[in-house]
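Accompanying notes for the structure given below.
The values are calculated or read from the model by the stated rules, or taken from the named source; none is laboratory data. A quick note: this is a predicted structure, and the numbers were derived from the prediction, not measured. Cβ sites come from the backbone with ideal geometry, for glycine too, and all protein chains shown count toward neighbours.
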Amino acid sequence: MSVMGKKAEKIWAYIVKHPKASTAKVAKACGCSPSYVCLLKKKIGTPKEVLEKAGPGSPGFIYVAPQEVLEKVNLNITRADVLDTAKSYVTKDRAAEHGDMESNFNTIARYWSVHLDAQITPTDVAVMMNLLKVARIKSNPKSKDNWVDGAGYMACGGEIASALRA
């Protein structure tokens, strides 16, 4: 009996067959987000089969440090990685799970308008959500997720603003 879900099994099966594959390539091949692949690697480490196939010193060796080590290390976050990950999030069809992006931002704007007794627009929502991520970055600048999410919110806001002018 497997202790992993089917999605996790699919990811590890791909990694075992392709130990040199980048996180982005694994995510694309398995139909999931790069952050899920990273989370899975951090959560359970590298499977024995991968370590046996590509041991220390070999070009395909994959080592996943425990979470507590990763949190202490300054991870090399590149602008391309942030933007590529954000792009994979905002261009993937998430409507089935989260609903239509424009409708969600409109709904949030209406709720915030009532709560704040002020007119809030969907583009304001994108900016405010980005500011939330900026505030989180202040307390944890090494968290890639906040940088990625901030870029994603700005991209969504830009698309909404563009549609308003059309």
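For the reader, a short list of remarks on this structure follows.
- Residue check: Leu131 meets all listed conditions (1) at pLDDT 75 or above; (2) farther than 25 Å from Asn146 by Cβ; (3) of a type outside the set (Asp, Glu) but one, namely (2).
- Of residues in segment 108-166 being of a type in the set (Lys, Arg) and under 22 Å from Arg94 (Cα atoms), the one farthest from the chain's Cα centre (by Cα): Arg110
- Conditions (1) surrounded by 13 or more Cβ atoms within 10 Å (Cβ to Cβ); (2) in contact (Cβ under 8 Å) with a residue 40 or more places away in the chain; number of the one not met by Leu164: (1)
- Residues in segment 86-137 that are basic (Lys, Arg) and out of contact with any helix residue (DSSP H, G or I) (no Cβ under 7 Å at 6 or more places or on another chain): 4 in all.
- Exactly one residue out of Glu97, Glu102 is part of a helix (DSSP H, G or I), among the charged types (D, E, K, R), outside the structural domain of Ser22 (by TED's automatic domain parsing) and modelled with pLDDT under 85, and it is Glu97.
- For segment 25-39, a residue qualifies if it is in a helix (DSSP H, G or I) and modelled with pLDDT of 85 or more, and the qualifying residues are Lys25, Val26, Ala27, Lys28, Ala29, Cys30.
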